[in-house]
Structure formats: structure tokens, C-alpha cells
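First comes the structure, then the notes that go with it.
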There are 2 protein chains.
Amino acid sequence: MTENGPVPNSKKTAAERPAPERRGELLATAAEVFAAHGYNATTVRRIADEAGILAGSLYYHFDSKESMLDEILSAFLDELWDGYDAVLAARLGPRETLEALVTESFREIDRHRPAVAIYQRESRHLALQPRFAYLADSQRRFEQAWLGTLRRGAAAGVFRADLDVRLAYRFVRDTVWVAASWYRPGGAHSPEEIARQYLSMVLEGIAVRE
Amino acid sequence: MTENGPVPNSKKTAAERPAPERRGELLATAAEVFAAHGYNATTVRRIADEAGILAGSLYYHFDSKESMLDEILSAFLDELWDGYDAVLAARLGPRETLEALVTESFREIDRHRPAVAIYQRESRHLALQPRFAYLADSQRRFEQAWLGTLRRGAAAGVFRADLDVRLAYRFVRDTVWVAASWYRPGGAHSPEEIARQYLSMVLEGIAVRE
DNA sequence: TAACCTACCAAACACTTGTTAGGGAAGGAT
DNA sequence: ATCCTTCCCTAACAAGTGTTTGGTAGGTTA
């Protein structure tokens, strides 16, 4: 029955994968626990507890703890790039592209907060494993999109040219994504409102102009 | 000899503590490994490997893995507050206080990069444990210092008053401290240079003024 | 009724974890 | 020569880890 003897990390094909509704619920609770306590500190028994089942029962739905993490992260990145690609395909000006990317990012944080938190915490060392190589790919594309926009803007005279572009890139990137560590859906501000204020700070600064 | 039978987390007194030079080296390598892989994912055998000794030998110098973490974090926070308190005691204007706090923060990142990285990754859930209650205290003082400065500046008309102050606080705080995740000592920019550019972005924005 | 599928449980497996106990080599002090 | 201190090793322990195996209640299909 199980022919995956010596082969590690064998993914089940879509055909033999069980009905997806329950999977989704379990992945959601797993993501929540991963985000709260970190991947390594999270035991499969804890996830199962939270879901109201026993640890072994998780293995009816998933190959391994690692494959849960894999599915959470790749689902998030797939959706993220759907949004980013739509923005980039519109070929707006640099400033409008930046605004759209920031807004889109906050929407993703709103929809995938646990996944974003996990990504931030674990992606650096996960990207070294072959299984999670797509994290490194994604990071490259990410840098390309943001850095390119900033460079275009500096060349076009809409962004300041006296700044180190890579510093500015990390500045904008970090500013946006660390929000996942404190953002709580259903809070006082909508994602769009947060994006508006963040953009105002990043673009205009917090100092009063004289 | 060891009278710490049922008492958990018993700290050794300064008198019975061994010579501090070796401790310092071991703490430095432990901090490096913690920062790279996360506290929970780091095994004491890994730390010992990196130090060229065996796992059990660590327990000649330290009570437990947790006490290593404790010492790393509290040493960092002690030094951080030495610097912050000096800045706050100077009673500068809001803008100058902000500039001094940011510059001081980047200096701390330069000197305690691993500790800062660990702090960011683990402080949230560590603060819940009684042993690490000082993390929560520190975070309260931290918020007080920064939020107070921003509020003073908004009232004095040097910072924009149309922004949500708490959003601005998190904005400034995060932009500064996440730098620890990519900063490498001895890189192209000195801490002061990075602080200068970050302050320029935070205060004036990255957009060109018309 | 019989066969089957889904989603779970109960119990164990091999392994890794932080930690401890006892010992010993090197070197300085007495 | 003896003692003491420092620093480490060897070898094990108990608890916790991810995972597997075989079984089973309950519903659906034939």
C-alpha cells in the first residue's frame, strides 16, 4: 500500500489526496500554532490538540509536519504573486506601482497573517533546504520587483536619488512586512487604511515641512 | 555539592561562578547559533560542537540552555538601557531625541547583533514566562520612551499630527530593529551612516518634494 | 446485506532532546 | 609531593519528538 519506503518527502498526487475541506481547516489551525510559537517549537500533538484529534490522525491528511508547513507557505506565496503580477502587469508609473504593491501587501497580510508570520520567522533558513528552494526564488523575484520600482522612480525623478537604493529597498520591505507581527484582522484599521498611512510616512516622512 | 535539587532555574551566585572569560566566549557562540537557527531549533550539542567541546561540558559553565539565553538577553538589554537612559536624560527636543535614539539603536545592533536577532524572534512568547518577565518590562519602557517622544513632537509641531501615533511608533520601531536581520558588522555602512539614512527616510520620506 | 470509504483512535516505534553523575588531565599553589 | 582548581570527557538517563501500524465507528454505495 505504502510504496514510499526509502523516498523521503514523497508528495501524494492530487488523485489520491483526500477531500480538501478538512485539510483546509487543519492547515489553518496548524498555521495559527506555527505562527504563535514557531515551527520548531510546535509539536504535532499540539496541533492535533487544537484541532480536537490525536497526533497520529494528522498523518491521515498529511505526509509529515514539514509538508504542512510547505503547503501553508506555498499557498500563501501563490496568492501573493497573483496579486503582485497583476500590479506589475499594469505597468504603472514608479510611484503608483509602489503604492499598489504596498496596498496589495497589506491585503495579503490581512488574508494570510499566520503564513506571513511564519514566512518571516522561518524563510531564511528554510530556503537552504532543497524542498523550500521556491522560497529563495520568490525572494529573488520579490527583490527584483521592489528594487526595480525604486530604481525606476529614482531615475525618473519621483524618488530621491541621494539614498542608497538597497537601503531604501530594505526600509520599505521591512516596514511593510513586519506589520504582520502586530496586525490583527478586524482591528481598528482596514488593510487599505494602514497602507495609506504607511505610504504617507514612507513617501512624505513624519517630519513637518517648513 | 549541588544543593539545587528541587529548585528549578537556580542561578549560581557570583562567588561560585567560574572565571568569566570562557563563559563570554561560549555565550558569544551560543548567541550566534541561536540567532542563526532560532532558540528552539538549536541543540546544546550544536552549540558545544561550534565551541569545540562536548554537550555535557557546557553544564560546567551554565545551569541550563535556558540560562544561556537569559544571560544573552539580559546583558543586551542592560547595555541598551544604559545608552537609552543617557539619551533621555539629556532632555533634548523631540526631533533630536528621536535622532539620538535611532542612532543609539543602530549602535546596539552593531554591538549585539545576535542578541537583537534573538530578541526579535523569541521575546514575544518568552515574555510570558516569569523568568523572562524583564522582557515585558523592557518593552513597556521602550514603548514609553518612543511613543512619548513622538507625542511630544506632534504636540510641538515638529512631527506631523495627522498620523496615528501608534502606527507611527510601530513604523519607526520596526524599521530600526529589523535591520538586525540583515545587518552584518564590518559591511559597507557604519552604524552611524545607516542611522543617518534611515532618519532621512523616516523624517523626510523617500519621495521627491515639489 | 455486503462491501467500501472516510476520518479518526490506540499504542507503540526509533530517535533526539536537555541534563546529570562520576571521573580525569593539566597546572599552579602550598 | 600533595592539594586544589579549572575545564573537559564518557556514558548514561528520562522525557519528548515525529511517525507508523493496525484497527474501528459511521456513513455511502452496490
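The values are calculated or read from the model by the stated rules, or taken from the named source; none is laboratory data. This one's a predicted model, so the numbers in the text were calculated from it and none came from an experiment. Cβ: placed from backbone, ideal geometry, glycine included. Neighbour counts: every protein chain shown. We work out accessible area using only protein heavy atoms, side chains counted, and drop any ligands, DNA or RNA first. Shrake-Rupley method; radii C 1.70, N 1.55, O 1.52, S 1.80 Å.
Remarks
- Distances in nm from B:Trp182 to the matching label points in the other copies, shortest first (labels 7 Å along Cα to Cβ): 2.1
- A Gaussian network model of chain B, with springs between Cα atoms under 10 Å, assigns the largest mean-square fluctuation among B:Ala127, B:Ala89, B:Ala180 to B:Ala89.
- With both labels modelled 7 Å from their Cα along Cα-to-Cβ, the A:Asp162 to A:Gln129 distance reads 4.7 nm.
- A:Phe159 long-range amide H proximity, modeled H, under 5 Å: A:Ala154, B:Val208
- Members of region A:111-139 that become less accessible by 30 Å² or more once partner protein chains are added (1.4 angstrom probe, chain alone as reference): A:Arg121, A:Arg124, A:His125
- Equivalent ellipsoid of region B:66-204: semi-axes from √(5λ) of the C-alpha gyration tensor, largest first, are 25, 18, 13 Å.
- For region B:20-65, the Rg and Dmax computed from alpha carbons only, in angstrom: 9.6, 27
- Each label was represented as a point 7 Å from its Cα along the Cα-to-Cβ direction; for B:Glu66 and A:Asp137 these points are 4.3 nm apart.
- Over the protein assembly as shown - Rg/Rh using Cα atoms and the Kirkwood inverse-distance radius: 0.99
- The two copies A and B are related by a rotation, and the chain A beta carbon nearest its axis, with distance in whole angstrom, is A:Gly205, 2.
- Backbone geometry of region B:174-191 corresponds, through the Karplus equation with coefficients 6.51, -1.76 and 1.60 at θ = phi - 60°, to 3J(HN,Hα) couplings of 5, 4, 6, 7, 5, 4, 4, 6, 10, 5, 10, x, x, x, 5, 10, 6, x Hz, x marking Gly and Pro.
- Förster radius 22 Å - calculated FRET efficiency between B:Arg196 and B:Ala75, Cβ distance, rounded to 0.05: 0.20
- With a 1.4 angstrom probe, the accessible area lost at the A-B interface totals about 3900 Å².
- Nearest 10 degrees, 0 to 90: helix A:65-89 Cα axis against chain A principal axis: 30 degrees
- Cα centre as origin, Lys/Arg/Asp/Glu Cβ charges: the protein assembly as shown dipole, Debye: 100 debye
- Environment charge of A:Ala136, counting only residues whose C-beta is closer than 15 Å and scoring Lys/Arg +1, Asp/Glu -1: 0
- When chain A is treated as a Gaussian network with alpha carbon springs shorter than 10 Å, the biggest mean-square fluctuation among A:Val172, A:Val158, A:Val102 belongs to A:Val158.
- Using a 7 Å Cα-to-Cβ projection, B:Glu79 label spacings across copies, nm, ascending: 4.1
- Each of B:Thr43 and B:Ala90 was given a label point 7 Å from its Cα along the Cα-to-Cβ line. The distance between the two points is 4.8 nm.
- Accessible area per residue for the protein assembly as shown, computed on protein heavy atoms with a 1.4 Å probe, is 49 Å².
- Leading residue at positive end of dipole, chain B (Cβ point charges), from B:Ala188, B:Ile53, B:Val165: B:Val165
- Rounded to the nearest 500, the 222 nm mean residue ellipticity of the protein assembly as shown from helices alone is -21500 deg cm²/dmol, with -39,500 (n - 2.57) taken per DSSP H run of at least 4 residues.
- Between identical copies, the spacing of A:Gln139 label points, each set 7 Å from Cα toward the C-beta atom, reads 2.5 nm from nearest to farthest.
- Among B:Gly93, B:Gly186, B:Gly153, the residue with the largest mean-square fluctuation in a Gaussian network model of chain B, with springs joining Cα atoms closer than 10 Å, is B:Gly186.
- Alpha-carbon centroid distance for the pair region B:179-196 / region A:103-142, whole angstrom: 24 Å
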